[in-house]
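Chemist: Starting off with a structure, shown below.
What follows draws every value from the coordinates through simple rules; no lab data is involved. Nothing here was measured: the structure is a model prediction, and the numbers come from that model. Cβ: placed from backbone, ideal geometry, glycine included. Neighbour counts: every protein chain shown.
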């Protein structure tokens, strides 16, 4: 750099910091998506349960 005033490659510390930031972001995103999917599955099962019992009550009348 002193001779040419030009950076020829990205320093390893900056690159590794960027990769670790992306890894942490991916981990947090995965945890959020897992929570959303789990809640959606529970809500689906609950709705299915309600529909089944409504259908059973209509058949008994």
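Chemist: Would you calculate, for the chain, the mean residue ellipticity at 222 nm contributed by helices, counting each DSSP H stretch of 4 or more residues as -39,500 (n - 2.57) and dividing by all residues, to the nearest 500? Working shown, then result.
Modeler: Numbers: 1 runs with 49 residues, N = 61.
Calculated from helices alone, the mean residue ellipticity at 222 nm is -30000 deg cm²/dmol.
Chemist: Hey, what's the Cα Rg ratio for the chain versus the globular rule of thumb, 2.2 N^0.38 Å? Intermediate results must be reported in sequence, preceding the final value.
Modeler: Numbers: Rg = 26.9 Å, N = 61, 2.2 N^0.38 = 10.5 Å.
Taking N as the residue count of the chain, the ratio is 2.56.
Chemist: Quick check: the angle from helix 12-60's long axis to the longest principal axis of the chain, C-alpha only, nearest 10 degrees?
Modeler: Around 10 degrees separate the two axes.
Chemist: Compute the distance in nm between two label points, each set 7 Å from the Cα along the Cα-to-Cβ direction, one at residue 22 and one at residue 43.
Modeler: In this crude spin-label approximation the distance works out to 3.2 nm.
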